[in-house]
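S.K.: Structure incoming, see below.
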Amino acid sequence: MLELRNIQKFYNRGTVNETCIFDDFNLRIEEGEFVSVVGSNGSGKTTMLNIICGSIPIDRGSVMIDGNDITGQREYVRNRIIGRVYQNPSSGVCPSMNIIENMAIADNKGSSYGLGRCINKQRIEYYRSLLSDLNLGLEDKMHIPVGSLSGGQRQALSLVMSTLKPLQFLILDEHTAALDPKTAEVIMELTDKIVREKHVTTIMVTHNLKYAVEYGNRLIMMHEGHAIMDLNGEVKKNTGVDDILGKFYEISIERGN
């Protein structure tokens, strides 16, 4: 279980550009949930992910996992139990290295490298079988530099790499935003398959309202640092894109836009 308790976060504090993103923000995510998070730009979506992953500090509050306070824990330590896929398909891979090398690095996450070889040749066939399940032909491109792959292929590889080792949380930061519609559909289907098979607690930030309502078992809408909509179970199942759009329009009218 993940909890954000009484989170306060400012950017540029003490300057004329001071911005308060969160003030006493609270969120609880149960084990096994697949949470879709939507909201306008500046609502706090990505900041929330960065706080969970330890990428940025907070001004007040605490981050709890299974009752343990990890607020002061460094990002690289949290990465042992958290996998993250970014919006940019190149952010989760090493473009100059080939597929085998990339997967070997992911396979050794949290381990001590020392002076031994990074690539375990006995694992190569396992990597090939994982890639074969994607139906993207990556199993035939194992020795090709990842930078030469398409954006969709790189994002699919990032998904596999992020979940190669056992983990508690999968963080998806608009991971289909940079892809064309057809490729985005492929990546979302792959995402759903991985989440179901590995039973991993997942938080997906997306601007695609169709994906937000179709995938996952919980939907949260963020606005000005608050969760103004939190739907799960049957309520979430019965929620459509028009319902989410209606809430966006309501917010826009309230702000005079």
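The values are calculated or read from the model by the stated rules, or taken from the named source; none is laboratory data. Computed from a predicted structure; not experimentally measured. All Cβ positions, glycine included, derive from the backbone under ideal geometry; neighbour counts span all protein chains shown. Only protein heavy atoms, including side chains, enter the accessible area calculation; ligands, DNA and RNA are left aside. Shrake-Rupley method; radii C 1.70, N 1.55, O 1.52, S 1.80 Å.
S.K.: Between S90 and V241, what length in nm is gained on full extension when 0.36 nm per residue of separation is reduced by their alpha carbon distance?
M.R.: So the chain would gain 51.4 nm between S90 and V241.
S.K.: Rounded to the nearest 500, what is the 222 nm mean residue ellipticity of the chain from helices alone, with -39500 (n - 2.57) per DSSP H run of 4+ residues and division by all residues? Numbers along the way, then the final one.
M.R.: Working: 9 runs with 86 residues, N = 257.
Helix contribution divided over all residues of the chain: -9500 deg cm²/dmol.
S.K.: Something else: Tell me the angle of helix 151-162 to the major Cα principal axis of the chain, expressed in degrees between 0 and 90 and rounded to the nearest ten.
M.R.: Computed tilt is about 90 degrees.
S.K.: Taking the Cα atoms only, what angle lies between the long axis of helix 241-254 and the longest principal axis of the chain, rounded to 10 degrees?
M.R.: Its long axis makes an angle of about 50 degrees.
S.K.: A follow-up question, please. Excluding ligands and nucleic acids, what accessible area in Å² is computed for R28 using a 1.4 Å probe, to the nearest 10?
M.R.: Around 120 Å² of this residue is reachable by solvent.
S.K.: For the full complex of protein chains and a 1.4 angstrom probe, list M161, M221 by accessible area with the highest value first.
M.R.: M161, M221
S.K.: On a straight-distance basis, which lysines could pair with K165 in a cross-link, Cα separation under 19 angstrom, same-chain partners fewer than 8 positions away excluded?
M.R.: K109, K121, K193, K198
S.K.: Note down the accessible area of E30, probe 1.4 Å, to the nearest 10 Å².
M.R.: 70 Å²
S.K.: Under 10 Å, Cα contacts only: if you run a Gaussian network model on the chain, which one of G137, G151, G110 comes out with the highest mean-square fluctuation?
M.R.: G137
S.K.: Let me ask another. Just grab the label-to-label distance for V77 and D133, each label 7 Å out from Cα along the Cβ direction, in nm (one decimal).
M.R.: 3.2 nm
S.K.: In whole Å, largest first, what are the principal axis extents of the Cα atoms in the chain?
M.R.: Each principal axis gives a Cα extent; for the chain these are 58, 39, 35 Å.
S.K.: Continuing with the same structure: As a test question: what accessible area, to the nearest 10 Å², does K210 have when a 1.4 Å probe is rolled over all protein chains in place?
M.R.: 80 Å²
S.K.: Let me ask another. In degrees from 0 to 90, rounded to the nearest 10, what is the angle of the helix 181-198 Cα long axis to the longest principal axis of the chain?
M.R.: 80 degrees
S.K.: If you don't mind, another one. Say R0 is 30 Å: what FRET efficiency, to the nearest 0.05, do D140 and D180 get from their beta-carbon distance?
M.R.: Approximately 0.85, to the nearest 0.05.
S.K.: Something else: How many nm is it between the label spots at F10 and S62, if each spot is 7 Å from the Cα in line with the beta carbon?
M.R.: 2.3 nm
S.K.: Find out how many positive minus negative residues lie around D242, taking Lys and Arg as positive, Asp and Glu as negative, among other residues whose Cβ is under 13 Å from that of D242.
M.R.: Neighbourhood net charge equals 0.
S.K.: Something else now. Just to verify a number: FRET efficiency for I253 and E125, C-beta to C-beta distance, R0 = 41 Å, to 0.05?
M.R.: 0.10
S.K.: Please compute the contact order of the chain in relative form: average sequence separation of alpha-carbon pairs under 8 Å and at least six residues apart, divided by the residue count, as a percent.
M.R.: Numbers: 429 pairs, mean separation 66.5, N = 257.
Rounded, it is 26 percent for the chain.
S.K.: If the cut-off is 16 Å between C-alpha atoms, which lysines fall inside it for K236, apart from same-chain ones fewer than 8 positions away?
M.R.: Here the lysines satisfying the reach criterion relative to K236 are K210, K247.
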